[in-house]
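Peer 1: Below is the structure I would like to discuss, written out as structure tokens.
The values are calculated or read from the model by the stated rules, or taken from the named source; none is laboratory data. The model shown is predicted, which means the values in this text are computed figures rather than measured ones. Cβ coordinates were reconstructed from backbone atoms using ideal geometry, including for glycine residues, and neighbour counts include every protein chain displayed.
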Amino acid sequence: MDIVQNSISAHAALIEVSVTVDRGADTLTVSIKDDGSGMSKEMLANVADPFVTTRTTRRVGLGISLLAAGTEATGGHFHIDSELGAGTRVIAVYGLSSIDRPPIGDFAGTMHTLIVSNPAIDFTVEFGVDGRGETLDTRQVRQVLGENVPLDTPEVSLWLKEGLSELFPASYAEY
Ligand SMILES: Nc1ncnc2c1ncn2[C@@H]1O[C@H](COP(=O)(O)OP(=O)(O)OP(=O)(O)O)[C@@H](O)[C@H]1O
Ligand SMILES: [Mg+2]
């Protein structure tokens, strides 16, 4: 949620979220890619430092530094690339079976909240386990609905909630 919020703040039009479980490699990988404003090389080099932020309300940015520390605590790793004017990709690899790995939680519900709170942004949502998975792409949803029906219309929101829960069942929280 926090890392997607960075993409929203960077005025992304498309945000691609994927969670991949690989039981053989014992990893859980979260990837978030956006086509937002991107970062300068200088910003990028320092972004895992909690004292680097473009926030104006407080001087410490916690999102990326906490994510990086969280992956390392599970024996995983963290990677970020960004290009000014092109976008940003954040990849967090966790040790799947590490007791320090944060739980997945309510994946469908989290994605639903993000989609309906940001109806002007497109999302692709993917969850894969050992090479098999499901994807939802809001651009396809918009094609079906027609351009004049916003994704935050109550009926559409409810339909999306049900669809997301079917694609990404609550049992995913058990990984
Ligand atoms: N997807 C992104 N696109 C462009 N810039 C980004 C992106 N993600 C992070 N940044 C830049 O990196 C800085 C640090 O991000 P981080 O999430 O760690 O802290 P923050 O967003 O500033 O504060 P917080 O997340 O605690 O509200 C941001 O202020 C922003 O300038
Ligand atoms: Mg942030």
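Peer 1: Scanning the range 1-29 for residues that are touching a Phe, Trp or Tyr at 6+ places or on another chain (Cβ under 8 Å) and under 11 Å from Gly87 (Cα atoms), which turns out farthest from ligand 1 (Cβ to nearest atom)?
Peer 2: It comes out as Leu14.
Peer 1: Does the range 66-73 contain any residue that is farther than 27 Å from Gln140 by Cβ, near ligand 1 (Cβ under 10 Å from one of its atoms) and not hydrophobic (A, V, I, L, M, F, W, C)?
Peer 2: No, that holds for no residue.
Peer 1: Val149 is checked against (1) exposed (fewer than 15 other Cβ atoms within 10 Å of the Cβ); (2) under 19 Å from Val30 (Cβ atoms); (3) free of Cβ contacts under 8 Å to residues at least 40 places away in the same chain and fails just one. What number does that condition carry?
Peer 2: Val149 satisfies every listed condition except (2).
Peer 1: Something else now. Starting from residues that are of a type in the set (Asp, Glu) and more than 6 Å from ligand 1 (Cβ to nearest atom), keep the ones in the range 31-61 and report whichever is modelled with the highest pLDDT.
Peer 2: It comes out as Asp35.
Peer 1: Going by the structure shown, is Leu96 away from ligand 2 (no atom under 12 Å from the Cβ), at pLDDT 90 or above and closer than 24 Å to Ser117 by Cα?
Peer 2: When the stated conditions are applied, Leu96 does not pass them.
Peer 1: Here is a list of conditions, (1) under 19 Å from the mean Cα position of the chain (by Cα); (2) within 30 Å of Gly76 (Cα to Cα); (3) charged (D, E, K, R), and Asp130 meets all of them except one; can you say which number that is?
Peer 2: (1)
Rundown of residues vs (1) touching a helix residue (DSSP H, G or I) at 6+ places or on another chain (Cβ under 7 Å); (2) more than 24 Å from Ala13 (Cα to Cα); (3) hydroxyl-bearing (Ser, Thr, Tyr), yes/no style:
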residue	(1), (2), (3)
Ile64	no, no, no
Leu67	yes, no, no
His79	no, no, no
Val90	yes, no, no
Pro103	yes, yes, no
His112	yes, no, no
Ser117	no, no, yes
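Peer 1: Take the residues in the range 69-127 that are of a type in the set (S, T, N, Q) and in a helix (DSSP H, G or I); name whichever of them is surrounded by the fewest Cβ atoms within 10 Å (Cβ to Cβ).
Peer 2: Looking at residues that are of a type in the set (S, T, N, Q) and in a helix (DSSP H, G or I), I get Ser117.
Peer 1: Within the range 33-55, can you find the residues that are away from ligand 2 (no atom under 16 Å from the Cβ), surrounded by fewer than 15 Cβ atoms within 10 Å (Cβ to Cβ) and assigned to a loop (DSSP other than H, G, I, E, B)?
Peer 2: Ser40
Peer 1: Looking at the range 157-174, I want the residues that are farther than 8 Å from Ala108 by Cα and have a partner that is buried (at least 17 other Cβ atoms within 10 Å of the Cβ) and of a type in the set (Phe, Trp, Tyr) with Cβ atoms under 7 Å, at least 6 apart or on another chain. Which pairs are those?
Peer 2: Tyr172/Phe107; Tyr172/Phe127
Peer 1: Okay, next question. Every residue in the range 5-32 that is over 21 Å from Arg101 (Cβ atoms) and more than 16 Å from ligand 2 (Cβ to nearest atom), please.
Peer 2: Ala13, Leu14, Glu16
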